[in-house]
Amino acid sequence: MDDSLLFFLIAGIAAFLVGASKGGLPMVGVLGVPLLALVMPPVAAAALLLPVYIVSDWVGLWAYRREYSGRNLAILLPAMIFGVAVGWATAKITPEWMVTLLVGVVGLYYCATVVLRKADAPPRPADIPRGVFWGALTGFTSFVSHTGGPPFQTYVLPQKLPKMVFAGTSTIAFAVINVVKLLPYWALGQFNPGNLEVAAMLSPVAILGAVVGYKGTRLLPETLFYRLVEVALFVVSLKLVYDALFK
């Protein structure tokens, strides 16, 4: 297959998954950067997808404008912004292989928490210490690779929020963080006419993904869907860990 055709095929899938995450299926978005990182450096992949995230954010913000957890947002957003600042401060001294490894390890960590989580555990209320820790880690991983989903879910999932409230809280939190990331990415020189043009081409695919994601959140069986996503995340994460350690 021609390299350019392969790139746009993978980039299109990544953009669709990004959009679907903004429609309310947050773990789908975790696959975006790991997939694109298979055909380009992970930091460049994250920068390319950031405008796509922001465009699809508008669909999610409209869809979930009345369904979210205000307490979680109040706790998480300041910590997430701090995590973005840490990611910005360390971006130029972090080796590329380490970023690739981080993306993979975060994905594998989430998969491990799924296996170890007790299905009948009582809801755990939102609290500031855990929220600050996981929020900061969410902001950091979101900045370096758009993989903020696993630490975010590690904190929020045990609360057992209503499905649409959980989806709305995730969508709003990451919409804010994506706007915050614009300046650091620009300062690091990650935006150029070439990747902005590609992002513009991918945006309609992401908007379609957001609509499908919103409908899917309401209609698809959650257990089956998330199991399929987690298997895909596990495979891609293993591949990235392998690339970081052995290539």
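The values are calculated or read from the model by the stated rules, or taken from the named source; none is laboratory data. All figures in this text were calculated on a predicted structure; none of them were measured in a lab. Please note: Cβ atoms are built from the backbone with ideal geometry, for glycine as well, and neighbour counts cover all protein chains shown. What goes into the accessible areas is simple: the full protein's heavy atoms, side chains included, and nothing from ligands, DNA or RNA. Shrake-Rupley method; radii C 1.70, N 1.55, O 1.52, S 1.80 Å.
May I ask for log10 I(q)/I(0) of the range 29-86 at q = 0.15, 0.16 Å⁻¹, from a Debye sum over the Cα atoms as equal point scatterers with solvent left out? The computed values of log10 I(q)/I(0) come out as -0.64, -0.72.
Based on the Kirkwood radius over alpha-carbon pairs, what value in µm²/s does the Stokes-Einstein equation return for the translational diffusion coefficient of the chain at 25 °C and 0.890 mPa s?
Calculated translational D: 139 µm²/s.
With protein chains left intact and a 1.4 Å probe, residues in the range 88-247 average 51 Å² of accessible area per residue. Taking trypsin sites (Lys or Arg not before Pro) across the range 43-76, the ones in a DSSP loop with at most 15 further Cβ atoms lying within 10 angstrom of their Cβ are ARG65, ARG66.
Residues whose amide H falls under 5 Å from that of SER69, counting only those 5 or more places apart or on a different chain, are THR169, with hydrogens built in the peptide plane. One decimal place: the segment MET98-ARG65 gains 8.2 nm when fully extended, by the rule 0.36 nm per residue minus the C-alpha distance. Dividing the convex hull volume of the alpha-carbon atoms in the range 50-178 by its residue count gives 103 Å³ per residue. Over the range 111-227, all Cα pairs binned in 10 Å intervals from 0 give whole-percent P(r) values of 11, 35, 35, 16, 3, 0, listed from short to long.
Remark: relative contact order (the chain) = 40 percent; criterion is Cα-Cα distance under 8 angstrom and separation of 6 or more residues. For the chain, the membrane-span-like helices by this rule, meaning whole DSSP H stretches whose C-alpha atoms cover at least 20 Å of axis and whose Kyte-Doolittle mean is 0.5 or above, are 3-22, 42-63, 70-90, 96-116, 128-145, 163-180, 193-219, 222-246; this says nothing about an actual membrane. Could you calculate the FRET efficiency of VAL211 with VAL179 from 1/(1 + (r/R0)^6), where r is the beta carbon distance between them and R0 is 25 Å, rounded to 0.05? Step by step, r from the Cβ atoms, then E = 0.70.
For the chain, the carbon plus sulfur part of the accessible surface works out to 74%, probe radius 1.4 Å. When the surface is traced with a 1.4 Å probe over the full set of protein chains, ILE13 keeps roughly 80 Å² accessible.
What fraction of the Cα pairs in the range 8-125, stated in percent, has a spacing above 24 angstrom?
Details: 2620 of 6903 pairs.
Summing the P(r) tail past 24 Å for the range 8-125 gives 38 percent.
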